[in-house]
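Some notes on the structure that comes next.
The values are calculated or read from the model by the stated rules, or taken from the named source; none is laboratory data. Treat the numbers as computed from the prediction; the structure is a model and nothing was measured. All Cβ positions, even for glycine, are placed from backbone atoms using ideal geometry, and neighbour counts span all protein chains on display. Surface areas here come from the heavy atoms of the whole protein model, side chains and all, with no ligands, DNA or RNA. Shrake-Rupley method; radii C 1.70, N 1.55, O 1.52, S 1.80 Å.
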Amino acid sequence: MRVHSLLLSFFLLLLVFLLPQQAVRAQTGVIRGFVYETETGEPVIFTNVYLYKTSLGAATDVNGFFSIMKIPPGQYTLMVTCMGFDTLQIPVTIKSNDLITKKLNLKKSSVNLEEVNISAARENKKVETQTSIIKITPKDIGQIPTIGGQPDLAQYIQVLPGVIFSGDQGGQLYIRGGPPIQNKVLLDGMELYQPFHSIGLFSVFDVDILKNVDVLTGGFGAEYGGRLSSVMDISTRDGNKKRIAGKIDASTFGAKVLIEGPIARAKEETDAGASFIFSIKNSYLAESSKIFYSYIDENGLPYNYLDIYGKISVNAANGSKVNFYGFDFKDDVQYQILQNYQWKAFGGGTNFVIIPGSSPVLLEGNFAYSQYKVSLKQEGSSESSSSIAGFSGGFHFTYFFGKNALKYGIDLSGYKTNVSLYNSAKRLISLDQNTTDPSIYIKYKWLVGKFIFEPGLRLQYYASLGAASLEPRLAIKYNVTDRFRLKMAAGMYSQNLVTTTYDRDVVNLFYGFVAGPNNLPEEFKGQPVKTKYQRSDQVVLGFEADLFKNVYLNVEGYYKYYPELINLNRNKLYNDIPQNSDKPDYLKKDFVIESGNAEGVDVSLKYDYKRLHLWAVYSLCFINRFDGQTWYVPVYDRRHNINLTASYVFGKHQGWQADVRWNYGSGFPFTQTAGYYELINFNDIGTNVINQNGSLGIVYADYNKGRLPYYSRLDVNLKKKFDLGRYTKLEISVGVTNTLNQQNIFYVNRVTQERVDQLPFMPSLGLSFSF
């Protein structure tokens, strides 16, 4: 009954918003549509479309869509201004109850409109809450050193406020105190379970297929659910709709081929059409390192991966479109202490954008299937394996009311998980789970004077647990002045997925999944356990200031409270069977319940004007966990993290670009080794303890009481571009990773005490040819 009442309230709330707006529209008009590049047919995102000499306007979204509402009847000039393009001006006549749809095409220009572009970005800050949201474009990614000659999203994300990477090798992403399992990664609406390769310098994404990346580091809105910490929402671009084009890259690390073009070329700019884009990239570092980097390891660096992505886009005459896409990602690594580590992921799906002819609504939807499998064989240990396979889909509706907007939708996901592994006490943990998670949400953006309010509500249901989670969200911004703004975001969040990463692994690579395990303790902190899904409550407070011309400061403080987390039981000594009923839960359950908190401050100071880009980022973070027995800090508790980047374009025709990045991070915690003993397996009846040869057992000191040395790395890069023709370009890139040859620790073998460091001084050369 409670769920039915919530659904009824949800639809009544929609009526409250929508009915008055229909009356308002009857007295005014609407202009909506899409903005495209004439040369490629690609949408122009995040640019302003407005009616000249009025305050009426809107910014295009990630699809190039805009909607200007509540326009009084009359004659106007519709204008679009964007850096690098000619200003577009179109006369329009508005009548009462008009609903006009436009496809606008921008032509490239040699005139520099950077001042206009910066002004547009500043105006967007006044009408969007933008709390803990960072928008990334391929141009941004190109402003930091390219490692191995190829820019990559993984390298750029490491610079963001609140983001911690565990290192060059085996790199994982930690955001504001949340481990990777708490970070949701979406590719064109499809969930990915492993976006980064085991060499932490590269992701599975080809930068040249990216259109936009939204990284939400906390306090995200009601349209996102199923994760406690963050969301990375990635959109890929369509293929070139005008001509066959492509790019070929080769470097000392790997190679890439991209090709795109029209399938059905539109004869007129207002006609329908179709295009494709296909990318394949790989690493041959395991072979090339024997030639170029033999001084690191004469056996070569053990990194191989292969990433394939393809997409077909079909565009209707009015701008509506549907995409079909698929991917196949693979990673294969053999460290010195590992016999084998590999993972593979594949999937595909469709998404669409529809603008109905007679309704001022934007309809978006998606349906996809993806699968991820991982296995690890570690020296002296049994093999661990895990898999997750599932579908996801949803429908999302957006109504625009002037500068206000209402968004609501429904999501449905389902997946099957499997995991099999042994903990340090040689106890098997094996689980198979299935779940289906439907959800609905509503969110409204409301501008009132200098305030922007963005309340939201999400109802998440976990079928395997028979439990529902009602999650209110709220974001507020107050424009104190044109140059200074206060902002906040708060919300309640839930999650069903649990990771099987084991913190005491010598190399912490294994990343498995479990959906809502039921084998949990019945009590926590002396109280009965009422819910079996993970929960967090969080609040973000901050401000943003335009200090000087082209100098921007953003400061955010955050606090996350975790009333309930589920973690792999590192203390398990006994199997959970009737014969061990007298043993406490924390010694026999596969998983334990924990609580904790994460708090910190992120500071970002940026200068961005014409050819010079400077960015300084500092993050302070404190993380604490309580497992029912003791308080501890997790292995990703990095107290201080600093990133400094600079990019400068110079030379004739601005053909040269120099980039530099320096990263400093305080040491991660780790569990020290206290001693060793002979470990005898008593699983077999009649075990002869006198004659049996046991394996080496390790006595661990207090959990995570030690600290590794600090991490420091300086990367530099120099690029030169050559224009060989109208569309033909050649780029040469020379770079150095870890320029100062800092000895950053990777791991210490607990048995041999051998220390292995992260990547040393590594020069690289890359060539890129585009046509």
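From the list Phe391, Phe367, the lone residue that is open to solvent by 40 Å² or more (accessible area, probe 1.4 Å), in a strand (DSSP E or B), of a type in the set (Phe, Trp, Tyr) and under 15 Å from Asn323 (Cα atoms) is Phe367.
When Leu486, Leu421 are checked against the criterion of being open to solvent by 20 Å² or more (accessible area, probe 1.4 Å) and either charged (D, E, K, R) or in contact (Cβ under 8 Å) with a residue 40 or more places away in the chain (or both), a single residue qualifies: Leu486. For the range 650-660, a residue qualifies if it is open to solvent by 30 Å² or more (accessible area, probe 1.4 Å) and in contact with a Leu (Cβ under 8 Å, 6 or more places away or on another chain), and the qualifying residues are Trp656, Ala658, Val660. Every condition in (1) under 29 Å from Ser375 (Cα atoms); (2) surrounded by fewer than 22 Cβ atoms within 10 Å (Cβ to Cβ) is met by Asn212 except one, and the failing one is (1). Residue pairs whose Cβ atoms lie under 6 Å apart, sitting 6 or more positions apart in sequence or on different chains, and linking a residue in the range 574-590 that is free of Cβ contacts under 8 Å to residues at least 24 places away in the same chain to a partner that is open to solvent by less than 60 Å² (accessible area, probe 1.4 Å) and not in a loop (DSSP other than H, G, I, E, B), are Lys588/Asn580. The one condition from (1) modelled with pLDDT under 95; (2) of a type outside the set (Val, Ile, Thr); (3) surrounded by fewer than 21 Cβ atoms within 10 Å (Cβ to Cβ) that Asp637 does not meet is (3). One residue alone among Gln143, Gln194 is within 20 Å of Ile280 (Cα to Cα), surrounded by fewer than 23 Cβ atoms within 10 Å (Cβ to Cβ) and polar (S, T, N, Q), and that residue is Gln194.
Residues checked against (1) free of Cβ contacts under 8 Å to residues at least 24 places away in the same chain; (2) more than 20 Å from Ser288 (Cα to Cα); (3) of a type in the set (Asp, Glu); (4) in a strand (DSSP E or B):
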residue: Leu730; (1), (2), (3), (4): no, yes, no, yes
residue: Gly735; (1), (2), (3), (4): no, no, no, yes
residue: Arg750; (1), (2), (3), (4): no, yes, no, no
residue: Val756; (1), (2), (3), (4): no, yes, no, yes
residue: Leu759; (1), (2), (3), (4): no, no, no, no
residue: Phe769; (1), (2), (3), (4): no, yes, no, yes
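Every test in (1) open to solvent by 10 Å² or more (accessible area, probe 1.4 Å); (2) under 28 Å from Asp576 (Cβ atoms); (3) in contact with a strand residue (DSSP E or B) (Cβ under 6 Å, 6 or more places away or on another chain) is passed by Leu470 save one, and that test is (2). Scanning the range 424-444 for residues that are open to solvent by 30 Å² or more (accessible area, probe 1.4 Å), in a strand (DSSP E or B) and touching a Phe, Trp or Tyr at 6+ places or on another chain (Cβ under 8 Å) turns up Leu428, Asn434, Pro438, Lys443. Filtering the range 93-118 to residues that are modelled with pLDDT under 80, open to solvent by less than 50 Å² (accessible area, probe 1.4 Å) and part of a loop (DSSP other than H, G, I, E, B) leaves Ser109, Leu113. Search the range 697-752 for residues being more than 27 Å from Asn663 (Cβ to Cβ) and among the polar types (S, T, N, Q), and hand back the single one that is most open to solvent (accessible area, probe 1.4 Å). That would be Thr752. For the range 31-51, the tally of residues that are open to solvent by 10 Å² or more (accessible area, probe 1.4 Å) and more than 28 Å from the chain's Cα centre (by Cα) stands at 3.
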